[in-house]
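The structure is given below, and queries will be raised subsequently.
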Amino acid sequence: MPVRKLLLSLQAVSEASRLRLAEELPDWEYWECSFDEFSRLIVESKKDQPLSKVQILHLRSKPRITTEILDRLPQLKLIALGCAGFDHIDLEACKDRNVSVIHLPGVNSAAVAELSLALILHCLRPICEANARLKSGGWNREEFLGRELDQKKVGILGLGKIGSRLARALVALGAKVSACDPFVENETFDELGVERLELDELFESSEILSLHCPLNSETHKIVSASRLEKLPRSAILINTARAGLLDESALLESLECGQLSRVALDVFEEEPLPVDHIFRRHSQIFLTPHLGSRSLEAQNRMESEIIKNIIEFVKNNQLIHPQETA
């Protein structure tokens, strides 16, 4: 009997998806593995272990796929990312090993844009704090005087699928929206009713700044101390993109001196965020545990689309949404 090919998933999928894979790919074995087990197998590095037979690896935003991990997967042909981002994949190492990479651009754009809007509104109107105070027995309306979004100058760094969705919502709510994105045509800015600005101009004008650009060598710590100083006094900063876009030390200094009044973060350099991290006890920083794509609809789309794309790769050797490697 021929040896069945192995698809390793580091992300649990539904019973319906497992049945679909079994029906569409009868020559393939599906293996679901936890991050802890995967890490243990990587460290063990035994020649006869199951990792040496894996030809397709399915994951989302973790773990980071490095040269070391790729060396433990000698038969790997495809990395199937059930998410939009791919900054955790060593694309150059994949190219060297002829490993294809596919992802799902835009699959979670509605969910992330909606969370970003919710965080902006929370920073303007401290609803969560008011709810907590009321449930603890308090009733002090004067303590929770907020600000309106209407007519606020909101800057969006990155006007891709997520940034564009957010822009539409903000314009509809009366905000004055500007954005910086060198890869987007002027027609898109005009269609959205968004003013095009250069990077430093965006910082100088934004009472609220929301980050939606990819993380790469050019955008790493793009929100630096010098750029934070350009923001209007008491600005609000929102990050639902990637933690590496921010200089964390500069962020804390900007809060301390009053350059920033509120910050909302959904992404962190280390996840889960360490229990003793200063962000957890800072009164001006509102935190959510990487909830950007955590809507029921987005989760269902992500699973359905990546399963479809894996099947298409195996049956027809077609790459849907390939990411260019290096």
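The values are calculated or read from the model by the stated rules, or taken from the named source; none is laboratory data. The structure displayed is predicted, hence computed values, not measured ones. Ideal geometry is used to build each Cβ from the backbone, glycine not excepted, and the neighbour counts take in all protein chains shown.
Hey, can you tell me all the residues within the stretch 245-280 that are surrounded by fewer than 19 Cβ atoms within 10 Å (Cβ to Cβ) and closer than 20 Å to SER293 by Cα?
Once the filter is applied, which keeps residues that are surrounded by fewer than 19 Cβ atoms within 10 Å (Cβ to Cβ) and closer than 20 Å to SER293 by Cα, the stretch 245-280 yields GLU269, GLU270, GLU271, PRO272, LEU273.
Same structure again: Anything in the stretch 1-27 that is more than 26 Å from the chain's Cα centre (by Cα), crowded, with 18+ Cβ neighbours inside 10 Å and over 14 Å from LEU76 (Cα atoms)? List them, or say none.
Within the stretch 1-27, LEU21, LEU25 qualify.
Mind checking which residues of the stretch 9-58 are among the aromatic types (Phe, Trp, Tyr) and at pLDDT below 95?
PHE35, PHE38
Among the residues of the stretch 116-162, count how many are farther than 17 Å from PRO214 by Cα and in contact (Cβ under 8 Å) with a residue 24 or more places away in the chain.
Step one: list which residues in the stretch 116-162 are farther than 17 Å from PRO214 by Cα, which gives 117-154.
Narrowing further to those that are in contact (Cβ under 8 Å) with a residue 24 or more places away in the chain: 117, 119-124, 128, 148-154.
Result for the stretch 116-162: 15.
Here are GLU204, GLU198, GLU229: which of them is under 26 Å from CYS257 (Cα atoms) and in contact with a Lys or Arg (Cβ under 6 Å, 6 or more places away or on another chain)?
The unique qualifying residue is GLU204.
Is at least one residue of the stretch 241-251 touching a strand residue (DSSP E or B) at 6+ places or on another chain (Cβ under 9 Å), among the basic types (Lys, Arg) and under 30 Å from LEU7 (Cβ atoms)?
Within the stretch 241-251 (the criterion being touching a strand residue (DSSP E or B) at 6+ places or on another chain (Cβ under 9 Å), among the basic types (Lys, Arg) and under 30 Å from LEU7 (Cβ atoms)), the answer is yes, since at least one residue qualifies.
Would you mind telling me which numbered condition in (1) of a type in the set (Val, Ile, Thr); (2) surrounded by 17 or more Cβ atoms within 10 Å (Cβ to Cβ); (3) within 27 Å of ASP266 (Cβ to Cβ) ILE42 fails?
(3)
Looking at (1) closer than 29 Å to MET302 by Cα; (2) out of contact with any Cys (no Cβ under 6 Å at 6 or more places or on another chain); (3) surrounded by 17 or more Cβ atoms within 10 Å (Cβ to Cβ), which is the one condition that is false for ARG97?
Among (1) closer than 29 Å to MET302 by Cα; (2) out of contact with any Cys (no Cβ under 6 Å at 6 or more places or on another chain); (3) surrounded by 17 or more Cβ atoms within 10 Å (Cβ to Cβ), ARG97 violates only (3).
Oh, and also: Do you know which residues across the stretch 62-83 are touching a residue at least 60 places away in the same chain (Cβ under 8 Å) and crowded, with 18+ Cβ neighbours inside 10 Å?
LEU78, ALA80, LEU81, GLY82, CYS83
May I pose another question? Could you pull out every one of the strands (runs of 3 or more DSSP E) wholly within the stretch 1-114 that has 1 or more residues that are within 24 Å of ALA243 (Cβ to Cβ), β-branched (Val, Ile, Thr) and in contact with a Gly (Cβ under 9 Å, 6 or more places away or on another chain)?
Per the criteria, no element qualifies.
Also, quick follow-up: Which of (1) within 19 Å of ALA118 (Cα to Cα); (2) in contact with a Phe, Trp or Tyr (Cβ under 9 Å, 6 or more places away or on another chain); (3) not basic (Lys, Arg) does LEU237 not meet, given it meets every other one?
(2)
Could you tell me whether SER217 is hydroxyl-bearing (Ser, Thr, Tyr) and more than 17 Å from the chain's Cα centre (by Cα)? Explain how you work it out, then say what you get.
On the way: hydroxyl-bearing (Ser, Thr, Tyr): yes; more than 17 Å from the chain's Cα centre (by Cα): no.
Considered against the rule, which asks whether it is hydroxyl-bearing (Ser, Thr, Tyr) and more than 17 Å from the chain's Cα centre (by Cα), SER217 comes out as no.
Tally time: how many residues in the stretch 204-227 are of a type outside the set (Lys, Arg) and more than 19 Å from LEU119 (Cα to Cα)?
Total satisfying the criteria: 13.
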